[in-house]
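Notes follow once the structure below has been shown.
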Amino acid sequence: MTSMTQQEPVSRIRSSVAHLLDRSERIVSAVAPKSLVQLALRFALAFPFWQSGILKWDGFLKLSDTAVNLFADEFMIHLPGGPYPFPVPNVIAFLSGCGEVTFAVLLVLGLATRFAGLGLLFMTLIVELTVPDGWPIHLTWAAMSLAIIAGGAGRLSLDALIRRVLRLPAP
């Protein structure tokens with residue numbers, strides 16, 4: 001009988017602790033609703049890529065000389081088997097600039113968000129290969145990209161609006 005009597009206070013304590021933890025967790029999670037976190041992640045990842053992408057252009061689809069020189073000399077992105085019938089650094093700088101700007105805009109709008117996250121994850125991996133000393137920030141970009149790929153754009157996005165209009169189920 002004493003064994004049962006001892007279990008009741010332990011059971012009440014566990015129940016009280018569980019209730020306290022549950023209530024605390026609800027209060028803390030109210031500070032950061034999932035849709036706000038997803039929006040913040042999209043903007044946080046878009047910003048550095050937008051800045052980098054914009055710096056590569058001197059006008060509409062006109063690469064800056066600095067961008068081409070950066071890819072030709074500093075990053076040393078050269079494919080084996082050259083010379084090529086086209087300037088490889090120019091093409092890589094062009095694709096990089098287009099990708100950075102396009103994926104950043106898609107993220108901010110929340111349109112094709114998982115695709116944009118995947119594109120920026122791929123770009124982050126390439127950047128890491130060319131600038132290995134930047135791994136702390138690249139790791140952060142990769143983590144944000146993976147979170148966006150896994151979680152999607154959230155309710156505050158064009159992706160969600162399109163799904164609602166087309167009456168598609170949430171992914």
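So the values come out like this:
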quantity: Residue that is farthest from ALA160 (Cα to Cα) [pool: residues in the range 100-118 that are in contact with a Gly (Cβ under 7 Å, 6 or more places away or on another chain) and surrounded by fewer than 20 Cβ atoms within 10 Å (Cβ to Cβ)]; calculated: VAL101
quantity: GLY97 being of a type in the set (Gly, Ala, Ser), at pLDDT 80 or above and either more than 30 Å from ASP159 (Cβ to Cβ) or surrounded by 14 or more Cβ atoms within 10 Å (Cβ to Cβ) (or both); calculated: yes
quantity: Whichever residue in the range 124-136 is under 22 Å from CYS98 (Cβ atoms) and part of a helix (DSSP H, G or I) and, among such residues, is nearest to the chain's Cα centre (by Cα); calculated: THR124
quantity: Subset of the range 31-58 [touching a Gly at 6+ places or on another chain (Cβ under 7 Å) and not small (Gly, Ala, Ser)]; calculated: LYS34, GLN38, LEU39, ARG42, LYS56, TRP57
quantity: Test: ASP159 is among the charged types (D, E, K, R), surrounded by 18 or more Cβ atoms within 10 Å (Cβ to Cβ) and assigned to a helix (DSSP H, G or I); calculated: yes
quantity: Single residue of LEU106, LEU79, LEU111, LEU121 found to be in a loop (DSSP other than H, G, I, E, B), modelled with pLDDT of 95 or more and not acidic (Asp, Glu); calculated: LEU111
quantity: Odd one out for ASP58, checked against (1) assigned to a helix (DSSP H, G or I); (2) out of contact with any helix residue (DSSP H, G or I) (no Cβ under 7 Å at 6 or more places or on another chain); (3) assigned by TED's automatic domain parsing to the domain that holds ALA116; calculated: (1)
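Table: residues versus (1) closer than 28 Å to ALA160 by Cα; (2) among the small types (Gly, Ala, Ser); (3) modelled with pLDDT under 85; (4) surrounded by 15 or more Cβ atoms within 10 Å (Cβ to Cβ).
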site	(1), (2), (3), (4)
ILE27	yes, no, no, no
ALA30	yes, yes, no, no
ASP58	no, no, no, no
SER64	no, yes, no, yes
LEU70	no, no, yes, yes
VAL88	no, no, yes, yes
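The values are calculated or read from the model by the stated rules, or taken from the named source; none is laboratory data. Values in this document were obtained by computation on a predicted structure and should not be read as measured data. Neighbour counts run over all protein chains shown; Cβ positions are idealised from the backbone, glycine included.
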